[in-house]
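Report on the following structure.
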Amino acid sequence: MNHGRLLHTIRLGLKSIMVHRLRSTLTIMGIVLGVASVIIMLAVGEAARYQAIQQIKDLGATNIIVRSIKPIDDDKKNQGQFILTYGLTPQDMGRISATIPTVTFVTPMREFRRDIRYLDRKVEGRVVGVTPTYLEMNGLRLSRGRFLTSLDDERFANVVVLGAETAEILFPVEDPIGQTVKLAGRNAYKVVGVTERRAPSAGIGSSLSAQDYNRDAYIPFATDQVRFGKLLIHVRSGSETFEKMEISQLTVSVDKMENVKKTADIINGLLEQYHTKKDTAITVPLDLLEKAEETQRIFTLVLGAIAGISLIVGGIGIMNIMLATVTERTREIGIRRALGAKRRDIGLQFLVETVVLSSIGGVLGVCMGIGLSLFVTHFFAFQTIIRPWSPAVAFGVSLAVGLIFGTYPARRAAFMDPIEALRHE
């Protein structure tokens, strides 16, 4: 077909669409909603995937998390009659550092819930005894001030770094740096830094680890051991329970990513020799990351498939309208064939109409999908992530739907008998 006849056929198709504007608009709406829903679904799924994977990445792909867990049977027995001793010890930390060559360094941490007070203001949060390397290994950032130093640890200094929300509640107007807060009603601690806001992490090994970092209060690990001691007292329903837990968590850094799983197995075997009560648990963020990526990929595909169904429904709507159009314009088809139009001219005219409808619907749907995604992010504070490829994929699918569902009506029009078409009333 030469360019002149092709352009003439395209003009006829566009003219036919403009003649029936309302019908064309209603036909386009199915594609618009389908494309928009594909983009929104993919944006929501991508955001959920990013947040889940980012939380695990914050733990470190070359890190191994070893946590203390309270034995359930011993907890039931501990009704103030004796001290419940469980979990990791400094000796465990020493064994891991000294006997496993793939381990670069080990960072201890101890956590417990306490009240954090400034004057008459109070926040219930986590008091966390940490070393200076905790900041980098857990993906935290400072919004002001400084983090804990080795000198703070050596001097058993009474200094504290507050989480973002804790600082806002205790110091709504004042600058927290240099102020003094009390932890659990004990000694006063000078505020030397405040962390940036961060999304809560998933629970790993204990309920405490599923905690909002924004409500933490970080003190030197050595200060925690000296000021609070190794014996923790919990008051529940008027009764006191006594627990001795020296380390809540060890973050073990491994030299290479390929050595992570092997090192985790060695640590597990080492701890089993000294912890017969099964009061420790090992989590490998690398394993979690791989599983999370696979799960989120499936989740995104499911969301995209669900949204794609609406595109198919829109395509069926286009085919239905085009079949009705073919029947309605049977006499016109007969006249055009009598005047010399070939079958491919007739088929192309109807196929052009279908592709134009789906293309317009695709463009409007992309605009609507991006707009609604931004609307959700802005007004509902739910982050959506639109990858550059998702609008292109959604538009491409809308074109494919137009071609697939427009082929049958076009062929039906093209192979219509000219004589029968002229007789049609």
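The values are calculated or read from the model by the stated rules, or taken from the named source; none is laboratory data. What you see is a predicted model; the values in this text were computed from it and never measured. Ideal geometry is used to build each Cβ from the backbone, glycine not excepted, and the neighbour counts take in all protein chains shown. Heavy atoms of the whole protein, side chains included, go into the accessibility calculation; ligands, DNA and RNA do not. Shrake-Rupley method; radii C 1.70, N 1.55, O 1.52, S 1.80 Å.
When the pairs K182/K244; K256/K278; K182/K277; K262/K291; K190/K230 are compared against a 25 Å limit on Cα-Cα distance, K256/K278; K182/K277 fall above it. For segment 132-186, the Stokes-Einstein estimate of translational diffusion at 25 °C and a viscosity of 0.890 mPa s comes to 194 µm²/s, using the Kirkwood hydrodynamic radius over alpha-carbon pairs. When the Gaussian network model of the chain links Cα atoms closer than 10 Å, the mean-square fluctuations of N158, N138, N187 top out at N187. Excluding same-chain neighbours fewer than eight residues apart, the lysines reachable from K342 by a Cα-Cα span under 26 Å are K15. Among I404, I318, I386, the largest mean-square fluctuation in a Gaussian network model of the chain (Cα springs under 10 Å) belongs to I404. An ellipsoid equivalent to segment 304-408, defined through the eigenvalues of its Cα gyration tensor, has semi-axes of 37, 12, 11 Å when rounded to whole angstrom and sorted largest first. In terms of its alpha-carbon gyration tensor, segment 73-180 comes out oblate; a/c meets the 1.5 threshold, while b/c is at least as large as a/b.
The shape of segment 373-425 can be summarised by an equivalent ellipsoid whose semi-axes, obtained from the alpha carbon gyration tensor, come to 46, 13, 5 Å from longest to shortest.
If you sort V192, V355 by accessible surface, 1.4 Å probe, largest first, the order is V355, V192. Just so you know, the Rg over Rh for the chain is 1.25, from Cα atoms, with Rh as the Kirkwood radius.
When the Gaussian network model of the chain links Cα atoms closer than 10 Å, the mean-square fluctuations of L270, L286, L339 top out at L339. In the chain, the DSSP-assigned H stretches of four residues or longer account for a calculated mean residue ellipticity at 222 nm of -18500 deg cm²/dmol, using -39500 (n - 2.57) per stretch and the full residue count as denominator.
Taking only Cα atoms, what is the 0 to 90° angle, nearest 10, from helix 3-19's long axis to the longest principal axis of the chain? So the helix axis and the longest Cα principal axis differ by about 80 degrees. Extension gain, R387 to D115: 0.36 nm times the residue separation minus the Cα-Cα distance gives 93.6 nm. Accessible-area rank, largest first, for H378, H20: H378, H20, with all protein chains present and a 1.4 angstrom probe.
Per the Kirkwood definition applied to all pairs of different Cα atoms, how many angstroms is the hydrodynamic radius of segment 260-345? Let's see the in-between values first.
On the way: mean 1/r = 0.0511 Å⁻¹.
Over segment 260-345, the inverse of the mean reciprocal pair distance is 19.6 Å.
Extension gain, L372 to R21, is 123.8 nm, computed as 0.36 nm per intervening residue step minus the present C-alpha separation.
Out of all DSSP beta bridges with both ends in the chain, state the antiparallel percent to the nearest 5. The answer is about 80 percent antiparallel. Amide H contacts of R146: G193, V194, each under 5 Å away and 5 or more positions distant or on a separate chain (H built 1.01 Å from N in the peptide plane; Pro and chain starts excluded). The solvent-accessible area of K122, taken with every protein chain present and a 1.4 Å probe, is close to 110 Å². Using a probe radius of 1.4 angstrom, the carbon and sulfur fraction of the accessible surface of the chain is 60%. Ligands, DNA and RNA excluded, the heavy atoms of Y408 present near 120 Å² of accessible surface to a 1.4 Å solvent probe. The modelled label-to-label distance between R11 and L339, using points 7 Å beyond Cα along the C-beta direction, is 1.2 nm.
A 1.4 Å probe over all protein chains sorts T107, T25 by accessible area into T25, T107, starting with the largest. Using heavy atoms of the protein chains and a probe of 1.4 Å, the accessible area assigned to R146 is about 90 Å².
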